[in-house]
1. Heavy atoms only, probe 1.4 Å: what % of the accessible area of the chain goes to carbon and sulfur, would you let me know?
2. Taking the Cα atoms only, what angle lies between the long axis of helix 150-170 and the longest principal axis of the chain, rounded to 10 degrees?
3. Let me check against my output: what whole-number percent is the relative contact order of the stretch 4-236, with C-alpha pairs under 8 Å and at least 6 apart?
4. Sort 126-136, 40-50 for me by packing, meaning the mean count of neighbouring Cβ atoms within 10 Å per residue, highest on top.
5. Gain in length, E76 to Q92, computed as 0.36 nm per residue apart minus the alpha-carbon separation, to one decimal in nm?
6. Any of K63/K212; K3/K69; K3/K42; K168/K202 with alpha carbons more than 27 Å apart? Name them for me.
7. Can you compute the charge dipole magnitude of the chain about its Cα centre, using +1 on each Lys and Arg Cβ and -1 on each Asp and Glu Cβ, nothing else charged? Give it in debye, rounded to the nearest 20.
8. Mind checking the per residue accessible area of the stretch 94-242 for me, 1.4 Å probe, whole number of Å²?
Amino acid sequence: MDKVVVVTGGSKGIGAEIVKTLANEGYKIVLNYNKSEESAKKIQEDLLNNGIKIEIFKADVSKREESKKLIKFTIEKFNTIDILINNAGIAQEKIFTNITEEDWNYILQNNLNSAFYCTQEAVTEMIHNKKGCIINVSSIWGITGASCEVAYSTTKAAINGFTKALAKELGPSNIRVNAIAPGIIDTQMNNNLTAEELENIKNEIPLEKIGKPKDIAKCVKWLIEDEYTTGQIISINGGWYI
Ligand code: NAP
C-alpha cells in the first residue's frame, strides 16, 4: 500500500485508532497533533517497535498557516497526499445564553475552519492527481442537535453541508468526500460524563453499548477502499439516532 494519509488530531481517541488501523494496513501516515506530543510520540514508538514507521507533525489546525505547513510537510516527505482525515475537534458544553463570542469563534475555528484549511491545502494536489479521498469526522449532534452544545452541533451540521457540497464539486476530479457521524464513543472527550450518565445513555442506545474508536476506524478503512461512495454522512451510533 503506497497511499499517503494525513490524520488530523491523531494523538488521542478516534484519531489515534484511525492512525493505528491504517498504519497496520501499510498506509504511509502523517499523524497530526497539537497539544498531546507525548501521546503522539508514544504511538509512533509503539508502531516502530512493530516495524511500522509513521511521521508525526505538530500543527494547530485551527490556524490556516499551521494547516498549510502540515500539508506542505506531507507532500515534501511523501511527494503527494492521497487521503485526508479531518478528525481534530473539541467539544464544549454550555447553556446557549452563556456562550461567549470567544467560545463560539474558538469552537468554529477548531471544528469547522480546521477542515476548510486542511482540505483547501490538500485538494490542489488531489485535483492535480485526479484522485483523492477526504473523510470528515462529524457527529450525531450535527444531524439531530444537542441541548447545551449549540456551538458544537452547529460546527458538525456545517461539516455535513461542507461534505455534501464538496463531494458534488470534486466528484468530476475523482475525489470522494464523505463524513462519519459517530454517536457516543469511548474517548477522553466524554470524560466529563459520570458513570451514571453513561449508563443512562447506554440504556437509550438500541445496541446497549458505548462505541469504541475501532468502530470508527473500521468505517474509515472501508471508505478509503470503496470507490463509489461520496457525499454521504455515515452514522455509526449503535442505533441511538435512526
Ligand atoms: P479526543 O480524545 O478529545 O481527541 C481529540 C483530538 O483532536 C486530539 O488528538 C487533539 O490533539 C485533536 N485536536 C483538537 N484540536 C486540535 C487542533 N486545533 N489542532 C490539532 N489537533 C487538534 O476526542 P475524540 O473523541 O477522539 O474526537 C475526535 C473527533 O470525533 C472530533 O472531531 C469529535 O468531535 C468527534 N466525535 C467524537 C465523539 C465521541 O463521543 N468521542 C462523538 C462524535 C464525534 P491534541 O490533544 O494533540 O491537541
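1. 50 percent
2. 40 degrees
3. 20 percent
4. Packing order, densest peptide first, comes out as 126-136, 40-50.
5. Additional length available on full extension: 2.2 nm.
6. Those over the limit are K63/K212; K168/K202.
7. I would put it at about 680 debye.
8. For the stretch 94-242, the solvent-accessible area averages 52 Å² per residue.
The values are calculated or read from the model by the stated rules, or taken from the named source; none is laboratory data. Quantities reported herein were computed from a predicted structural model and do not represent experimental measurements. Please note: Cβ atoms are built from the backbone with ideal geometry, for glycine as well, and neighbour counts cover all protein chains shown. Side chains are part of the model used for accessible areas, which takes the heavy atoms of the whole protein and leaves out ligands, DNA and RNA. Shrake-Rupley method; radii C 1.70, N 1.55, O 1.52, S 1.80 Å.
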